[in-house]
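Structure first, then comments.
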Amino acid sequence: MDFSKLKVVKVEKRDGVTTVALNRPEKRNAMSPQLHYEMVDVLKELGEDEETRVLVLTGAGDSWCAGQDIKLFFRDLDDKPKERHRARLANHEWRWTLLSAFPKPTIAMVNGYCFGGAFVQLFACDFAIAADEAQFGLSEVNWGILPGGLVGKVIVDGLSYRDAVWYAMTGEPFDGKKAAEIKLVNKSVPRDQLEDATMELARSLCKKNPQTLRTIKESLRLVRGMSVDQAADYLLAKEREMRFMDTESGRAEAMKQFLDDKSYRPGMGEYRRDDS
Ligand code: ACO
């Protein structure tokens with residue numbers, strides 16, 4: 001895929017970390033149908049891209065994402081049912097289907113505004129680091145609409161019920177520090193340290209066994225909806241599956257380094273890998 005042809009998404013690859021930026025800074029990276037279509041293509045391409053070990057999702061300029069584009073995604077499509085349906089499918093496909101199941105670690109690097117629909121991709125990412133100065137808000141109530149399109153679901157699953165209801169019903173904006181306090185993001189740092197903090201996490205993930213990361217991610221995501229018995233059985237099956245899928249035999253290697261060579265303490269960091 002020729003990323004240079006993208007109009008509203010920017011892709012940059014460096015040392016295993018691929019940064020994908022929503023790229024409509026003049027509209028605060030609000031999500032237009034075109035942005036949804038481009039993101040579907042980008043995530044499909046990067047999922048199995050060998051140069052991409054970690055994906056960082058950010059926004060061009062001073063905004064992360066100002067939610068759905070009120071004009072292009074809502075008003076302009078109100079009387080175009082076919083187009084609206086197509087845009088809605090793409091909107092769900094990249095923000096949830098593809099991103100939440102992306103086969104590599106994903107980090108939301110929240111550099112600025114994060115409103116409304118943007119909460120879906122925020123929760124779909126495995127990690128989130130925000131600028132202290134970022135502004136978050138479930139502003140749907142101020143538009144006379146529901147936090148729909150999955151926002152209502154991800155906030156009740158991912159926040160405390162009290163916080164979800166508070167912010168959904170008041171629409172009150174809050175900053176990155178508050179987002180970290182309520183665990184909407186893992187942490188917040190001053191804006192000028194955001195990229196360094198994100199890349200530090202990304203680089204540490206690049207050093208870990210990719211198959212192990214992939215399986216941990218899939219498993220944690222799926223056991224949330226299972227009973228204890230189902231989860232125990234599923235996790236055992238995944239553990240066995242991993243021994244077949246892991247081309248570097250991480251489990252055996254870590255045991256050898258710890259038990260036989262006595263050369264490493266995997267409890268304190270990843271075992272030594274050929275490519276690390
Ligand atoms: N949809 C469409 N256009 C938008 C959106 C949006 N969600 N957000 C910003 N824009 C546009 C503005 O209309 C403006 O366009 P213009 O230059 O052609 O007039 C441009 O982006 C810049 O916006 P400003 O408001 O001038 O920028 P500012 O930095 O002062 O404020 C802010 C940014 C706070 C994000 C403000 O634009 C805003 O409140 N946007 C709406 C955010 C929101 O409520 N999103 C949720 C939508 S509902 C949903 O996602 C389901």
For the chain, built as a Gaussian network whose Cα springs stay under 10 Å, the top-fluctuating residue of Val110, Val151, Val165: Val165
Over 14 Å [Cα-Cα, region 44-95], rounded percent: 67
Using θ = phi - 60° and Karplus 6.51 cos²θ - 1.76 cosθ + 1.60, couplings along region 98-107 (whole Hz; Gly, Pro as x): 7, 6, 5, 9, 4, x, 10, x, 10, 10
Please work out the Cα convex hull volume for region 1-82 and give it in Å³ per residue. 98
From the gyration tensor of the Cα coordinates in the chain, what semi-axes in whole Å does the equivalent ellipsoid have, largest first, with each one equal to sqrt(5λ)? 34, 21, 20
The computed P(r) of region 52-155 puts the percent of Cα pairs beyond 23 Å at 28
Between the alpha carbon centres of region 1-32 and region 72-119 the gap in Å comes to 14
Each residue of region 66-75 in order: what ³J(HN,Hα) in whole Hz does its phi give by Karplus 6.51 cos²θ - 1.76 cosθ + 1.60, θ = phi - 60°, with x for Gly and Pro? 8, x, 5, 6, 4, 7, 6, 8, 9, 4
Tensor-based shape of region 150-237 (alpha-carbon gyration tensor, a/c under 1.5 rounded, otherwise prolate or oblate): oblate
Among Lys13/Lys178; Lys104/Lys207; Lys7/Lys71; Lys5/Lys44; Lys13/Lys44; Lys208/Lys256, which pairs are too far apart, with a Cα-Cα distance over 20 Å? Lys13/Lys178
As straight-line cross-link partners of Lys177, the qualifying lysines (C-alpha separation under 21 Å, not fewer than 8 residues apart within one chain) are Lys187
So if each residue of separation counts as 0.36 nm, and I subtract the Cα-Cα distance between Glu83 and Lys177, what length gain in nm does that give? 30.0 nm
Here the net charge surrounding Tyr167, from other residues whose Cβ is less than 11 Å away from its Cβ (Lys, Arg +1; Asp, Glu -1), is -1
Under Karplus coefficients 6.51, -1.76 and 1.60, residue-wise ³J(HN,Hα) of region 204-213 in Hz, glycine/proline x: 5, 6, 4, 7, 8, 4, x, 5, 5, 4
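No value in this document is a laboratory result; all are computed from the given coordinates. The shown structure was predicted, so the numbers you read here are calculated from the model rather than taken from an experiment. Positions of Cβ are generated from backbone atoms using ideal geometry, with glycine treated the same way; all protein chains shown enter the neighbour counts.
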